[in-house]
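Each remark here refers to the structure printed beneath this line.
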């Protein structure tokens, strides 16, 4: 398969979470919604795995994938709120990381000195996404686990925002540092 066709396929796989979100709104059966959550998670895993293992990771794909993830997740949580399956406080706690990340992205776009910084997913963020999916499944299939999982997600979300902020700040600091002279350069030729 040609690279261009593969990239189109990967982006389509990412974007498939948008119609899945629409179907999540349209259906009311908990099991069907749980199936949609699993399907959304599978498309997320699959497009990431293919991109990494086939060397098809792109800046555009790195933007489409999290936007599609967030669109599905936020839609599903809002539907659960409207259906009375979770409360407003739980919704806010579940979306802490997303709110923090959105604010960070906007700040990075508004500041010229931060536009060149590459925004990448971090391990804690991936863990939060996985736990958010687990919360959705519990909301739909096993409500007794929802509160403890929401508490865990909110704590890890805060840690994730701090971790992400530190990584971006560190990358910004590295970009602002003047380059070091090559090893073996006489100190008399190094500008002060």
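The values are calculated or read from the model by the stated rules, or taken from the named source; none is laboratory data. Please read these numbers as outputs of a predicted model, since none were measured by experiment. Virtual Cβ from ideal backbone geometry, glycine too; neighbours counted across all protein chains shown.
When 56, 94 are checked against the criterion of being free of Cβ contacts under 8 Å to residues at least 60 places away in the same chain and either at negative phi or in contact with a strand residue (DSSP E or B) (Cβ under 8 Å, 6 or more places away or on another chain) (or both), 56 stands alone in meeting it. Here the helices (runs of 4 or more DSSP H) wholly within the range 26-141 that include at least 3 residues being surrounded by fewer than 18 Cβ atoms within 10 Å (Cβ to Cβ) and at pLDDT below 90 are 30-53, 59-82, 96-110. With respect to residue 36, determine if the residue is within 18 Å of residue 133 (Cβ to Cβ) and touching a residue at least 60 places away in the same chain (Cβ under 8 Å). The answer is no for residue 36.
Taking the criterion of being surrounded by 13 or more Cβ atoms within 10 Å (Cβ to Cβ) and either in contact with a strand residue (DSSP E or B) (Cβ under 8 Å, 6 or more places away or on another chain) or over 13 Å from residue 94 (Cα atoms) (or both), the only residue of the range 142-156 that qualifies is 145.
Filtered by the rule that a residue be at pLDDT 90 or above and surrounded by fewer than 13 Cβ atoms within 10 Å (Cβ to Cβ), the range 1-21 gives 12, 19.
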